[in-house]
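Comments concern the structure below.
The values are calculated or read from the model by the stated rules, or taken from the named source; none is laboratory data. Because the structure is predicted, anything quoted here is derived from the model rather than measured. For neighbour counting, all protein chains shown are included, and Cβ atoms are generated from backbone atoms with ideal geometry for every residue, glycine included. Accessible surface is based on the protein model in full, side chains and every heavy atom, while ligands, DNA and RNA are left aside. Shrake-Rupley method; radii C 1.70, N 1.55, O 1.52, S 1.80 Å.
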Amino acid sequence: MPVCNHGEHHAAGAGDGKHEPALRRLAQAAPPMAYLWVILLVYQSTGGTVKIYEPLVLLPLLWMAIHHTRPELWVGIAGAATVLVVPTAVHGTWPELAELVFWAVVAGIVGLTVQGLVEQIRAGRRRRRAAATAARHRG
């Protein structure tokens, strides 16, 4: 992503992916997506008996919410839901499945909410900078 010296995305083309090669975008999304598979491996290595891994799916989704586009976040949400739900749907019970569907929905809502808040903060910053630039040119 284009990043200026202040650590934020440039206003022109920020997050729309038009100015970046698709391969670079894919490479940037690979680490959080790989982390989802690590969670799956941890779950599988315990035989599905350890139930502390569910909140871990929030970490890659929060990363994607802050640093990636909305479609990329949706891919992450789909990946998180897959990692949470599919193993239990194949080998688990209905109560376990209901709990993991709940976690998948919560993780998706959290990711989308954080991304919306980050977008609002960035838009406000751009408006303030534009107003400051306009004020400098007037006076």
Filter region 40-79 down to the residues that are surrounded by 22 or more Cβ atoms within 10 Å (Cβ to Cβ) and at positive phi and list them by number. none
Here the residues within region 83-102 that are open to solvent by 60 Å² or more (accessible area, probe 1.4 Å) and closer than 27 Å to residue 25 by Cβ are 86
Wholly within region 1-101, helices (runs of 4 or more DSSP H) carrying at least 3 residues that are more than 19 Å from residue 111 (Cα to Cα), modelled with pLDDT of 80 or more and out of contact with any Phe, Trp or Tyr (no Cβ under 6 Å at 6 or more places or on another chain): 22-45, 70-91
